[in-house]
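Below you'll find the structure, written out as structure tokens, and then a few comments.
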Amino acid sequence: MSDVTPKKQPESGAYHSFLKGMLGSLFKFKEHLIIHRLIAFAFDVALCVQLSAILFIIIFPHLNKYFGFPENFFFEFHLVFVLYILWAYYVLTESTKLHGSLGKRIVGLRVLKAKGGTLSLLQSTIRSLLAPFSLLAGGLGFFMAAFNKYHLAWHDVRSHSIVLLSDTLS
């Protein structure tokens, strides 16, 4: 009879420690802020696409009845409508006591002024208008958050705002 001993299961934090060691500076900040931001963004885009589709299905037939749009107009107009809904959604949710979108709330993020407090409507508007530029050049504006002290994306720097995890606020 051979003596077979079961392998010891790694501790719960062993995998996390392994990732931290392997990926270095990308994971040196608390709780992988970039991953939280990506998940929140994906959720928010999906929510706004669904909301705009519902509104568009209700509104477009009435507009078409009065204006007689061509067939291909539906797609182009809907794309602009989605972008407008997404922009308005971010501006309104980040400039209120919610301190961020529903996606950010779900993953535990808050958007604040760099010096603390709720973003003004103007700051939120600037932040939302500059965010697409952070996506340019392969998302380098977002990726820079991994390599600066306060983990700020380009649009955070330009709008004097900061994104924090909820537990860092207390």
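Here are the numbers:
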| quantity | calculated |
| --- | --- |
| Residue that is farthest from Ser161 (Cα to Cα), among those in the stretch 61-112 that are among the acidic types (Asp, Glu) and out of contact with any Ser or Thr (no Cβ under 9 Å at 6 or more places or on another chain) | Glu71 |
| Selected residue [under 28 Å from the mean Cα position of the chain (by Cα), modelled with pLDDT of 85 or more and open to solvent by 100 Å² or more (accessible area, probe 1.4 Å)] from Leu98, Leu86, Leu47, Leu92 | Leu92 |
| Leu38 being assigned to a helix (DSSP H, G or I) and open to solvent by 50 Å² or more (accessible area, probe 1.4 Å) | yes |
| Of all residues in the stretch 116-149 being at pLDDT 90 or above and not in a helix (DSSP H, G or I), the one that is least open to solvent (accessible area, probe 1.4 Å) | Leu119 |
| Unmet criterion (only one of (1) under 27 Å from Asp156 (Cβ atoms); (2) of a type outside the set (S, T, N, Q); (3) free of Cβ contacts under 8 Å to residues at least 24 places away in the same chain) for Phe73 | (1) |
| Residue within the stretch 150-158 that is among the hydrophobic types (A, V, I, L, M, F, W, C), part of a helix (DSSP H, G or I) and either at positive phi or open to solvent by 30 Å² or more (accessible area, probe 1.4 Å) (or both) present | yes |
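The values are calculated or read from the model by the stated rules, or taken from the named source; none is laboratory data. All of these numbers come straight from a predicted model, not from anything done at the bench. Glycine also receives a Cβ, built like all others from the backbone with ideal geometry; neighbour counts cover every protein chain displayed. Surface accessibility is based on the protein's heavy atoms, side chains included, excluding ligands, DNA and RNA. Shrake-Rupley method; radii C 1.70, N 1.55, O 1.52, S 1.80 Å.
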